[in-house]
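J.: This is the structure I have questions about; it appears just below.
Laboratory data are not the source of any read-out in this text; all were calculated from the coordinates shown. Quick caveat, the model's predicted, so the values are computed rather than measured. Reconstructed Cβ throughout: ideal geometry from the backbone, glycine too, with neighbour counts over all protein chains shown.
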Amino acid sequence: MSDFQAPRGIPDYYPPRSADFVRVRDTLTTAARLAGYGHIELPVFEDTALFARGVGESTDVVSKEMYTFADRGDRSVTLRPEGTAGVMRAVIQHGLDRGQLPVKLCYSGPFFRYEKPQEGRYRQLQQVGVEAIGVDDPALDAEVIAIADEGYRRLGLTGYRLELASLGTATDRPAYRDALLEFLMGLDLDDATRARAQINPLRVLDDKRPEVRELTADAPLLLDHLSEESAEHFAAVRGHLDRLGVAYEINPRLVRGLDYYTKTTFEFVHDGLGAQSGIGGGGRYDGLMRQLGGKQDLSGIGFGIGVDRTVLALRAEGVAQEEPPRCRVYGVGMGEAARAELVVIASQLRAAGIAVDLAYGDRGLKGAMKAADRSGAAFALVLGERELAERAIELKKLATGEQERVSLSNIVEEVRLLSAELDAERPF
Ligand code: HAM
């Protein structure tokens, strides 16, 4: 074993498997870009209070899972556990809400939660997220959900479900909260669960223990206690999703782990992943801007998609690609002068947009040609001392073994043409 290991629960991403990681991230961000979301790059750590206030003190994320430490100036900072609070902070700080609304932003990168590591649950997790801030229009809720759905479909995923609910507005909730709490206090629950109910009775409905599930089977549901405004909003979101052909299931017990949600909330669940089945989730957040000190009180809606879990879902469905990185051309040089010449040719080909790798080191023609075959390249360029003296090079099509001699002065153009032909036949 080596002296060092990555910290517990922190994955590395390396070839060939990293290809799927990149594909998931890029496909999801492309789906967002096609709907007009601009890239935002956020700090990886922020003031601890931003997350405490934004995400909510009573959540597991804030109370148990944050990586919080004092920096050298004795300020309390926290590695970002999620992206929404940071986006809202940036929107307020830079006055982005004074421009055209909604402000549409997309981000990707690592987030940090001190959770118990297991397959699909990491202490450094990767998300692609979008946030649309400033307009409370059910069509925008549907857009955000449809972007995620489109992203998953472009990746080839099929075995996922969309669970949908509405949490109503902050004014809908107190009456429901009281009704739920009264119901829960009438049950034979253990002390810890009763205490949890006092802090947030909604969380008890999300309790996975079968005995608690059974006891709460007839609990009052928030969906039955929505105000007219919230109910209309929810119906409008569903109408848009129906017209878009985005399938969903209403889950009246959907509870998200973050406190800022209001109205529409949703989660994408994949059944091939065992316990860590949530591959993405999000919702609308009405009070967050005010909560974080914004002068305006603008609503937002967004999602965070778990890139790690989406990759696992692709593998579970057998649609992962795990392509090794491939170059189009593999250069083999015999002798120092030929290898030096190939370094220059490789750089010229790369400048022309063609991916090139070389047989480095002095390994003999046979070994180098084997490496060329294994590389997955379409063409090998073979340069020996004799060819070099004649200012020529052997160009070999690795699939057929066909070989031709090309003048060194023409080689970049020749490879460019052959490569363009290949792209037309089988783009990759
Ligand atoms: P979240 O549900 O906490 O939402 O996280 C979003 C996704 O990140 C989850 O569905 C899951 O796929 C992935 N994820 C979370 N924790 C882990 C973990 N420990 N290991 C692996 N994957 C994980 C948010 O973070 C919100 N900011 C989403 C949002 C944006 N809501 C509105 N806008």
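J.: Quick one: which of 208-216, 301-309, 120-128 comes out on top by average Cβ neighbours within 10 Å, and what's the full order, highest first?
T.: Values: 208-216: 13.0, 301-309: 25.4, 120-128: 20.8.
Ranking, from highest mean packing down: 301-309, 120-128, 208-216.
J.: For the chain, what does the relative contact order come out to in percent, with C-alpha contacts under 8 Å and a separation of six or more? Walk me through the intermediate numbers first.
T.: Working: 739 pairs, mean separation 70.8, N = 428.
Computed over the chain, the figure is 17 percent.
J.: Share of antiparallel DSSP beta bridges in region 329-420, in percent to the nearest 5? If you can, show how the numbers build up before the last one.
T.: Details: 9 of 17 bridges.
Among the beta bridges of region 329-420, antiparallel pairing accounts for roughly 55 percent.
J.: Turning to a different aspect of this structure: Tabulate in residue order the Karplus-calculated ³J(HN,Hα) for region 47-62, using 6.51 cos²θ - 1.76 cosθ + 1.60 with θ = phi - 60°, rounded to whole Hz; enter x for Gly and Pro.
T.: Here the 3J(HN,Hα) series is 3, 4, 4, 4, 6, 4, 6, x, 7, x, 4, 7, 6, 4, 4, 7 Hz.
J.: Treating only the Cβ of Lys, Arg, Asp and Glu as charged (+1, +1, -1, -1), what charge dipole size does the chain show about its Cα centre? Round to the nearest 20 debye. Present the calculation step by step, with values, prior to reporting the outcome.
T.: Numbers: 53 positive and 66 negative charges, 203 e Å.
That gives a dipole near 980 debye.
J.: When a/c reaches 1.5 or more, the comparison of a/b and b/c decides; with that in mind, is region 255-342 rounded, prolate or oblate per its Cα gyration tensor?
T.: Working: a/c = 5.79, a/b = 2.14, b/c = 2.71.
It is oblate, given that a/c is not under 1.5 and a/b is not larger than b/c.
J.: If amide hydrogens are placed 1.01 Å from N in the peptide plane, which non-local residues have theirs closer than 5 Å to the one on D137?
T.: Here nothing satisfies the definition.
J.: Would you mind classifying region 329-420 by shape? Square roots of the alpha carbon gyration tensor eigenvalues, ordered a ≥ b ≥ c; an a/c under 1.5 is rounded, otherwise it is prolate if a/b is larger than b/c and oblate if not. Before the final figure, lay out each step's value.
T.: On the way: a/c = 1.33, a/b = 1.09, b/c = 1.22.
Rounded, because the longest to shortest axis ratio a/c is under 1.5.
J.: Would you give the gap between the C-alpha center of region 397-428 and the C-alpha center of region 120-169, rounded to a whole Å?
T.: 43
J.: Across region 303-308, in residue order, what do the Karplus-derived ³J(HN,Hα) couplings come to in whole Hz, using 6.51 cos²θ - 1.76 cosθ + 1.60 with θ = phi - 60° and x for Gly and Pro?
T.: 9, x, 9, x, 5, 4
J.: In whole Hz, what ³J(HN,Hα) sequence does region 80-88 give by Karplus (6.51, -1.76, 1.60; θ = phi - 60°), x for Gly and Pro?
T.: Each residue's phi maps through the Karplus curve to give 4, x, 6, x, 5, 4, x, 4, 5 Hz.
J.: Ranked from highest to lowest mean number of other Cβ atoms within 10 Å per residue, what is the order of the peptides 158-169, 76-87? Display every interim value, and only then the final one.
T.: Numbers: 158-169: 20.3, 76-87: 22.2.
Packing proxy ranking, top to bottom: 76-87, 158-169.
J.: If you don't mind, there's one more thing I want to ask. Cα-based Rg of the chain per 2.2 N^0.38 Å, rounded to two decimals? Write out the running numbers ahead of the final one.
T.: Working: Rg = 27.6 Å, N = 428, 2.2 N^0.38 = 22.0 Å.
After normalising by residue count via 2.2 N^0.38 Å, the value is 1.25.
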